[in-house]
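Participant: I'd like to ask you about the structure that follows.
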Amino acid sequence: MIKKVDHIGIAVRSLNEALPFYTEILKLPLLGIEEVESEKLKVAFLKAGETKLELLEPTSQESAVAKFIEKRGEGLHHVALGVESIQDRINEMKEKGIRMIQDTPKIGAGGAEVAFMHPKSTGSVLYEFCEKKGLEQ
């Protein structure tokens with residue numbers, strides 16, 4: 001069911017301020033930066049071995065990440081689990097009583113299909129299912 005930990009999302013106030021730690025201190029390769037307008041985010045992906053780190057900078061105070069930072073501060077936001085057949089995984093979670101934030105996948109960063117489980121059903125951890133059909137895994 002779960003292929004791997006695809007990425008770990010980290011909420012930051014500013015990519016410009018956060019990136020030097022990851023690229024210069026930790027020496028992680030920057031894979032790219034993109035804007036996800038639907039989520040009001042600018043996202044930077046860094047390669048950390050087999051997993052990526054996804055830095056999330058809100059581009060609007062209305063974004064979920066801006067509200068997260070306001071409430072909890074910068075830091076770990078979510079863990080993304082790489083899956084196949086994302087809609088089947090969503091349906092399976094719902095059958096098992098797990099509350100989903102999305103009942104159908106939406107397009108996220110990098111063109112992946114994504115859906116989040118509600119942290120009230122997962123021990124206060126925000127988990128994301130991530131399917132990359134035909135995309136670089």
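Participant: Tell me what the chain gives for mean residue ellipticity at 222 nm when only DSSP H runs of n ≥ 4 count, each as -39,500 (n - 2.57), the sum divided by the residue total, rounded to 500 deg cm²/dmol.
Facilitator: Values: 3 runs with 25 residues, N = 137.
So the helix-based figure for the chain works out to -5000 deg cm²/dmol.
Participant: Out of [x] 0.95; [y] 1.42; [z] 0.93, which label holds the value of Rg/Rh (Cα atoms, Kirkwood Rh) that was computed here?
Facilitator: Computing Rg/Rh (Cα atoms, Kirkwood Rh) and matching it to [x] 0.95; [y] 1.42; [z] 0.93 gives [x].
Participant: Taking amide H atoms as placed 1.01 Å from N in the peptide plane, list the residues 5 or more away in sequence, or in a different chain, whose amide H sits under 5 Å from that of LYS52.
Facilitator: HIS7, ILE8
Participant: Using the 10 angstrom Cβ neighbour count as an exposure proxy, how do ILE69, ILE25 rank, fewest first?
Facilitator: Ascending Cβ contact count within 10 Å gives the list ILE25, ILE69.
Participant: Taking θ as phi - 60°, what are the ³J(HN,Hα) couplings along region 5-16 by the Karplus curve (6.51, -1.76, 1.60), each to the nearest whole Hz, with x for Gly and Pro?
Facilitator: Values per residue, Gly and Pro as x: 7, 6, 7, 10, x, 10, 7, 9, 6, 8, 4, 4 Hz.
Participant: While we're here: Are there GluC sites (Glu not before Pro) in region 18-80 that DSSP marks as loop and that have at most 15 other Cβ atoms within 10 Å, and which are they?
Facilitator: Working: sites: GLU24, GLU34, GLU35, GLU37, GLU39, GLU50, GLU54, GLU62, GLU70, GLU74; in loops: GLU50, GLU62, GLU74.
Passing both the DSSP loop test and the Cβ count: GLU50, GLU62.
Participant: Another question about this same structure. In whole percent, what relative contact order does the chain give with Cα contacts below 8 Å and a gap of six or more residues?
Facilitator: Numbers: 272 pairs, mean separation 34.0, N = 137.
It comes to 25 percent, rounded to a whole number.
Participant: Could I have the simple spin-label model distance between ARG72 and SER14, label points 7 Å from Cα toward Cβ, reported in nm to one decimal?
Facilitator: Here the modelled spin labels are 2.3 nm apart.
Participant: Still on this structure, I have one more. Under 5 Å between amide H atoms, partner at least 5 residues away or on a different chain: which partners does MET100 have, H built in plane at 1.01 Å?
Facilitator: Amide H neighbours of MET100: HIS118.
Participant: Using 0.36 nm per residue, how much length does the chain from VAL125 to THR23 gain when fully extended, once their Cα-Cα distance is taken away?
Facilitator: 34.1 nm
Participant: If packing is taken as the average count of other Cβ atoms within 10 Å, what order do 115-121, 27-33 fall into, highest mean first?
Facilitator: 115-121, 27-33
Participant: Can you give me the Cα centroid spacing of region 8-48 and region 85-113 in angstrom?
Facilitator: When both Cα centres are located, 24 Å separates them.
Participant: Let me ask another. Out of all DSSP beta bridges in region 2-131, what portion is antiparallel? Express it as a percent rounded to 5.
Facilitator: 75 percent
Participant: Output ³J(HN,Hα) for region 22-33: one whole-Hz value per residue in order, computed from phi by the Karplus curve 6.51 cos²θ - 1.76 cosθ + 1.60 with θ = phi - 60°, and x for Gly and Pro.
Facilitator: So the J values, rounded to whole Hz, are 6, 8, 9, 7, 7, 6, 8, x, 7, 8, x, 10.
Participant: Out of region 56-113, which trypsin sites (Lys or Arg not before Pro) are coil in DSSP terms and have no more than 14 other C-beta atoms within 10 Å?
Facilitator: Numbers: sites: LYS67, LYS71, ARG72, ARG89, LYS94, LYS96, ARG99, LYS106; in loops: LYS96, ARG99.
Those that pass, being in a loop and sparsely packed, are LYS96, ARG99.
Participant: Still on this structure, please answer the following. Taking amide H atoms as placed 1.01 Å from N in the peptide plane, list the residues 5 or more away in sequence, or in a different chain, whose amide H sits under 5 Å from that of LEU31.
Facilitator: PHE45, LEU46, LYS47
Only the coordinates and a few stated rules stand behind these numbers; no lab work does. Please read these numbers as outputs of a predicted model, since none were measured by experiment. Cβ sites come from the backbone with ideal geometry, for glycine too, and all protein chains shown count toward neighbours.
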